[in-house]
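The values are calculated or read from the model by the stated rules, or taken from the named source; none is laboratory data. These numbers come from a predicted model, not from an experiment. Cβ atoms come from the backbone with ideal geometry, glycine included; neighbour counts cover every protein chain shown. Side chains are part of the model used for accessible areas, which takes the heavy atoms of the whole protein and leaves out ligands, DNA and RNA. Shrake-Rupley method; radii C 1.70, N 1.55, O 1.52, S 1.80 Å.
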Amino acid sequence: MLVALTGIGLSAAAGLNAYIPFLLVALLARLTDTVVLPDGLGWMSSWWAIGIGAVLLLADVVLDKIPAVDSVNDVVQGVLRPLTGGVVFAAGAAAAELESSAWVREHAWVTFVAGALVAGLVHAGKATARPVVNATTMGLGGPVVSTVEDGASVGLSLAAVFVPVLVLVLLAGLVVAFVMLRRRRRARRRSAGAAAGDSASGPVPPDASP
């Protein structure tokens, strides 16, 4: 159970920001004994992988806070976040205390696919919600929401590695936030549709009868 929560937490964090959970796992594997990567993912802890991840993180953090550019960035990240989610799920599941070791090693592809799906779902929610935030706040809310998402990614990553049970609480909060934004989007569409209908109908002509 804890192994699954570790993988889910890391991949969900990747859905918000692909590079935060990647760097956390890579640095912990490189500098500590907290995470021990399986042979197939040992490259994650190399300095070149960590360096590239740090540069990409900096670029993503900046681009994701610029209105309009953030939506383009989400399109590009629509491929990278699920891929990273699959990698960190597999790494986290294999590195979490080996209560699942034999099965995980024999079915590594299952953990990769599961991570990609979780990260893809979170990314889809993020990409759907961001235009709503930008539209309703004239772009001012985008940087704030982006910062919150980065913080949530850090929190999910840390919880996944050190306190996996907390992943359930953080994911529940994430779902609530996405649902609220989705409802706001629907309400905004209904309001815009009603306004367009009123405009199309035009003014009622005066009664011309004698």
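Observations, loosely collected:
- Residues being under 12 Å from Ser71 (Cα atoms) and open to solvent by less than 20 Å² (accessible area, probe 1.4 Å) - total across the range 128-173: 7
- Candidate set: the range 123-169, residues that are within 26 Å of Val36 (Cβ to Cβ) and of a type in the set (Val, Ile, Thr); chosen: the one nearest to the chain's Cα centre (by Cα): Val154
- Residue in the range 130-146 that is at pLDDT below 85, under 24 Å from Val3 (Cβ atoms), part of a loop (DSSP other than H, G, I, E, B) and not hydroxyl-bearing (Ser, Thr, Tyr) present: no
- When residues of the range 42-70 are limited to those that are assigned to a loop (DSSP other than H, G, I, E, B) and either of a type in the set (Val, Ile, Thr) or in contact with a helix residue (DSSP H, G or I) (Cβ under 6 Å, 6 or more places away or on another chain) (or both), the one surrounded by the fewest Cβ atoms within 10 Å (Cβ to Cβ): Ile66
- The set of residues from the range 72-82 being closer than 19 Å to Ala152 by Cβ and either of a type in the set (Val, Ile, Thr) or open to solvent by 40 Å² or more (accessible area, probe 1.4 Å) (or both) comprises just one member, Leu80.
- Residues (outside any helix (DSSP H, G or I), open to solvent by less than 40 Å² (accessible area, probe 1.4 Å) and in contact (Cβ under 8 Å) with a residue 60 or more places away in the chain) located in the range 1-37: Asn17, Ala18, Val35
- Qualifying residue in the range 98-107 (condition: assigned to a helix (DSSP H, G or I), at pLDDT 80 or above, of a type outside the set (Lys, Arg) and open to solvent by 20 Å² or more (accessible area, probe 1.4 Å)): no
- Count of residues meeting criterion [buried (at least 24 other Cβ atoms within 10 Å of the Cβ) and at pLDDT below 90] in the range 108-122: 2
- Residue pairs whose Cβ atoms lie under 8 Å apart, sitting 6 or more positions apart in sequence or on different chains, and linking a residue in the range 126-144 that is in contact (Cβ under 8 Å) with a residue 60 or more places away in the chain to a partner that is surrounded by fewer than 15 Cβ atoms within 10 Å (Cβ to Cβ) and of a type in the set (A, V, I, L, M), are Asn134/Ala68; Gly139/Ala68.
- Of Gly125, Gly85, all but one fail to be modelled with pLDDT under 90, in a helix (DSSP H, G or I), within 12 Å of Ala12 (Cα to Cα) and open to solvent by less than 30 Å² (accessible area, probe 1.4 Å); the exception is Gly125.
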